[in-house]
Structure formats: C-alpha cells, structure tokens
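Any read-out appearing in this document is the output of simple, stated calculations on the displayed coordinates, not a laboratory observation. Since we're looking at a predicted model, the values are computed, not measured. All Cβ positions, even for glycine, are placed from backbone atoms using ideal geometry, and neighbour counts span all protein chains on display.
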Amino acid sequence: MRITHIYAENYKTYRRLDLDLSADEERPIILIGGGNGCGKTTLFDAIYHALYGLNIKSSRQFEELLNAGVKLEQGMDNKSIVLEISFSGLVLGHETPYKLKRTYQLIEGKVRWNVELNMNGNRYSYGIATPTAQRTQNEEVVNKIIAANLPSELSNYFLFDAMKTSELVKEEQISKLIMKNINSVMGFNKYYQLHEAADALLAEKKAAKLENEKQRQEYEQLGHKKQGREAELKQLREDYEKALEYSNDNRERYEQLKQGRNADDMTRDRINKQKESIRQVEKRAAEYHDSVDKVAKDLELNVLFPALAHRIRPEVEIIVSERRRLAEERGEEISDEQLTRLAHDIVEYLAQSYSELKSVKVDDVVRYMQKGRKHGDVLTDKHPFLSDANVEVLDKLITDAYVNQFLQLDNEREVLDMDVSELPRKLEQLENYERDLSGLDFNLIALYEDNEKRMIELKGKIAEAERDIQKLADDIATFDYDIPQIPDPQYDMLCKLPKFFNDISAKLLASKRKNIEQMMKEQLNLNLVVYAGVIGRVDLSSDGNDDVSFKIYHQNGNEIYLSQLNAGAKQTVMQVLLKVLYELGDYNPPVMIDTVMGVLDKESREVILEHYFPDLAHQTILLSTDTEITTDRDFKKIEAYVAKTYTLHRDKEAQCTTITNDYFGITIND
C-alpha cells in the first residue's frame, strides 16, 4: 500500500489541505515540518480518519471539528468536512489505484455523511440516506479493500506517535503487546480461531458418545459453562486491551492535568483568601459607618453629657456632700420633702373625715411641725430647690464612666483608610489569579483513575476466569467415553485438530522466531545507543497460549531488564520491534510517525536518522519540529532519502494552517 495524496476541507485547522505524498524506492521519506500547534497531529488524524472514518454523533462534535475561521465567517449550516485519500495497493499482483472520499455535512442540526470509493474507475458510494441493501453491499466492498491494505486493528503499529511508544514497554504489558503484534501482523490469529472452532466441535462429538443420559447432560452443561466462561474471558481480555490502550493514550495528558489541577488548587486557595480579605475590609467599612451613625444619634449622651459633667463636677460634688451631711445630722428626722408629703396626707384626711373643720393649708401644717421638732438647732438646706431625686441624677452624671468613642472611631478610620486604599490592588491581584486558572476540563483525571482501577479489577477477573476454565476442563476430562466398536475416522481426526492447529501456530512462531530474534538483535545493536554493539542475544519464547516472554541479553550473558531502560531506550526497543514486524509481516503498508524523535537524546536521534528512517519502509511519512530534525545538521543526514518536504504554518488571524513546499525554508534541491 502506498499513500499518494491527501485532501481535506474545513477539517480542524485546515481550510484546505492538498498534499502530494507520493514517494519512490530510492526516496521513501515524506518529511513534514511544523511548530507546535501548526497542525502536524491534525494532518496525522486527517490521514487516519480518511481511511477509517470519523464518528460524529452530534452537532457539537461537528462544530469542534469544523474549521473555526469558516465557522465564524459563514456559520455551520450546510458546511461540509471533506477527507479524501488516494492510495494504491496490490490486487492479484497488479497495482490498483484507489480514491476514498468521506464527506460530513451539518443540515438542520443533523450530521449527514457519505462515503465514496473509486477503485480503478469503479465507483462504490453509500451514506446515511442510501437504501439498506445497497449501503450494506457497498460498505462491505469498501471495508474489504481497506482491510486488504491495512486493517484498522493493525493501523496503530504503522501509524503511531513515537512519543507514546516508550509507554508501551512496561513489564505488565510488553509480553501481551509483542504477542498481539506477532499474531496480528503475521496472521497467526486465524490458527487460534481454527483451534477454538475445532475444540467446540470436538466437545459436541464427545457429548454424543456418552450413553448415560445423565452423564451426557452433565457433560453438556460443563461444556456450555466452559464455552460461556471462555466467551467471558475473551470479552474481559478485549476490555482489558481497550482499558490498557486508553491508559497509554491518556497517561501523559493525565500527568499534565494532575499537575495543572494542583496548580489550580493553589490558585483557587489564593483566590479564596483574597476574596475573604476583600470581604473583611468591606465588612469593617460597613461596621464603621454603622458605628458613626450610632454615635451621631447619641451625640448628647456620648459628647455633651461628658463635657457638662466635667464642667459642673465641683459644684455638684459640693451639693451632694452637703445633702449627705444634712442627712447624717438629722439622723432619723424626716426630710422636708417627707414632711411636706406627710402634711399633705394629714390635710387630705382631715378634709375627708371632718368636713365641719375649717380648711387647713398644707404649708401651715408643715411650718407647725417644723417648729415642733425636738432638735434645738434648725438644720437648713442651702439648695432646697433640688429634690433628693435631682441630687441623685446629678451625682450619677458626674460619677458615671464615659468613653469617648470618637477617639476609637478615629483610630479605626485610619486603619480602614489604609485597607480601603489597598482594595484596587487586591481586586487586580484577584483578577490575575482568576486569569491564571487553566480553565482545563479535569474530568479526564477521574476517568483515567477509574480506568486504572478497572484494569486492576479486570486482571483479577481474567485470572479467575482462567482458573474456572481450567477447572471445567479438568472436570470434563474425567468423563469416560464409550469406545466405539466400529472405527470413526472423522471423530479420530477431530480429536487431533485442536492440537494440530496449536502445533501449526507454534511451528510458525518457531520458524519466524529465529528471524525475529536475529533481526531484533541486529537492529538493537545498531539503534539502541546505550547497548550498541554489546547485545548478545534476544530471546522470544512462547508456551503456546497468549503469553510470550521477550528478553534481551548482554554479550556477557546477563539479562538487560526492560524496566531499567530509560524512556528513550524503551522508545527505541519498541520502534525496532515495529520495524522487524514490518519486515516479516504479511502486510506492506506505509509508516507514518508523529513526534518522530519522542524522548530520544541527541546521540540516539543521530543513530535513528542514519540507520532507522532511511530503510524503515517503502514509504515513510515523518511529522517533525525543527528541534527534532534540525535544519542545520539532521536534515542533511536524510536528505538523500527525502522525496518531498512540506512545512506547516499557523495563521493566527485566519485560524488556519497554510503549507509551503520546503522544510523550514530548506528545499531538497538546495
């Protein structure tokens, strides 16, 4: 398979993408450069989704994929996203050209789509409005052609992001990954499927040979249980693979979001503290104004009375002292006030009881009683106009404690003025804090962590299912089968088939094994810088099931543990494995690599440029920044192998990507 052309309209950053990707055997590399955010990954996605399609379920998803500039200028209604890829592939030994076009359009809020394939002049088209029978027929043709050239399940092995490959090399998944690659790319899966089919048919035949009806039913029940658990195990493994793929795809994003959330949490804490500080200042200002209003209302009590008390204190103290002295000298003698009240009561009583008496005046009675006092000296009050109650009020006026609240309020005002003057700065700082918030959607963190928990659960369920299946197999093996008197060649052959298919798979692996091990050793000695030239052996062994061990040994005999390799070395190991599978596999697709250098250091990059990319595939599309493949040094090392160069440029105003026929200003002819 060779990709010859990619075309796209209104897809993400591309208003119009039109690239010739044809290459030849002598110059197999298409080098596409661009800075971060210029559209390299989007170009990668455009090629992938042109082959396998987009899954747009809502107008919201369509809006996210539609070019922002087009959306702002013209809206979304009746706008189309077009992805078109031209490629060629071998059909019965002949090179056949294909053009596959996928169109997505938003009409009245609903997404309409159409697929059209031109195969050497023969057209196959279907869409959402195509009659079911015709749609099924044409869709089957398109899917068969894609599967014959590069099945979607294998695309990740040839269209990949180099940055993510190092994440695949982990102890808990490297063995499964290698076995999956070998089975898929080299076509061993079909033998495993034949083994399963033969095993199921054999179980039916064995059940039929049990004469005892009860035993037969029990055997069939065990067989059904085993088949059910095997189906569950298959589903569990598929679910685990999907969860593992999700984990690999989102690990880097998860770590970034986690760091971002921690930073956002700190920023939110600052925001809350700043808001509380501003709120406290505003609260104190409100309380200050309330206090001022209250003091103004009680001005007499808080200001005038204290001043009056201060001025009349000496005179009042004399009056109070004199009144107390008179009270002490009189002893039990009633006061003039009491005498007056008593006289008033007497006169009132006489007037009511003895009406014949002449009217008696209160003052006359008071004077009479005053003359009749026992004391010889007459005690006189210098302030008779002041009653005892008046004297008590005056005494309270000068003895009560008064606080001048104006002094306290003035101190509060000075502090408050300083804090209020700081409010504009605090508000500006608050705005800065709020701008510092990333605005990212952190839902992925919870989804990722839930996925990690689910992987652990799936591992446990897989182990449990494997134990159950083995136990059921052991139980089934205990049944005694009737030995037929007449030979049954069909049954005898059926008994041998499951092992036969297993043996074929094992022998095919064994035959490929030496080639894989030898090529891996050669490529690792060439490309794995930290162990270049000292790898003595690569061991690939399988026990006949889904597990395979992959080990690398130093020429001195010790194992080189994958877990102890750094990220760059892991990336190299994975890329070497993919190259070996490409060389030995049943498919011959192009290879497309995004973030070509991933986490490789300078020395590893030089080795990869010189020894890996030039003969990686018959067509290699590299998406790189100028820091990965530099213009002054790295480009020269692969220039002789480069068929075409392009550079992606981001137009910020128009919100789109434009393309020039060079690699950051350098053309092949320079």
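Based on the Cβ-Cβ distance from SER549 to ALA510, what FRET efficiency comes out when R0 is 22 Å, to the nearest 0.05?
0.95
So, R0 is 41 Å and r is the distance between the beta-carbons of GLN259 and ASP293; what FRET efficiency does that work out to, to 0.05?
Once rounded, the FRET efficiency stands at 0.20.
For the peptides 415-421, 614-620, what is the packing order when you average, over each peptide's residues, the other Cβ atoms within 10 Å and list the highest mean first?
Top to bottom by mean Cβ count within 10 Å: 614-620, 415-421.
By count of other Cβ within 10 Å, fewest leading, how are HIS344, HIS49, HIS94 ordered?
With the sparsest Cβ surroundings first, the list reads HIS94, HIS344, HIS49.
Would you please report the Å³ per residue occupied by the convex hull of the alpha carbon atoms in region 20-90?
Spread over its residues, the Cα hull of region 20-90 gives 127 Å³ apiece.
How far is the Cα center of region 37-104 from the Cα center of region 599-670, in Å?
Using only Cα atoms to place each centre, the spacing works out to 24 Å.
Could you give the length gained on full extension between SER387 and LYS242, defined as 0.36 nm per residue of separation minus the Cα-Cα distance, in nm?
Gain on stretching SER387 to LYS242: 42.1 nm.
So what J values fall out for region 623-637 if you push phi through Karplus, 6.51 cos²θ - 1.76 cosθ + 1.60 with θ = phi - 60°, rounded to Hz, Gly and Pro as x?
Result, rounded to whole Hz: 10, 9, 8, 6, 8, 8, 10, 6, 7, 7, 10, 5, 4, 4, 6.
Under the rule of at least 5 residues apart or a separate chain, name every residue whose amide H is placed under 5 Å from the amide H of THR630.
Excluding prolines and chain starts, which carry no amide H, the hits are PHE635.
Would you mind estimating how fast region 529-670 diffuses translationally, via Stokes-Einstein at 20 °C and 1.002 mPa s with the Kirkwood radius over Cα pairs, in µm²/s?
Rounded, D is 122 µm²/s.
Please arrange THR627, THR96, THR42 by how many other C-beta atoms lie within 10 Å of their C-beta, fewest to most.
Ascending number of Cβ neighbours within 10 Å: THR627, THR96, THR42.
Given R₀ = 25 Å, what would the calculated FRET efficiency be for LYS110 paired with ARG16, taking r from the Cβ atoms and rounding to 0.05?
The value I calculate is 0.50.
Can you sort ARG425, ARG2 by how many other beta carbons sit within 10 Å, fewest first?
Ascending Cβ contact count within 10 Å gives the list ARG425, ARG2.
Using Cα centres only, tell me the gap between region 224-291 and region 441-471 in whole Å.
Here the answer is 20 Å between Cα centres.
Determine the gain in length on full extension of the stretch GLU140-THR660; use 0.36 nm per residue of separation and subtract their C-alpha separation, reporting nm with one decimal.
183.4 nm
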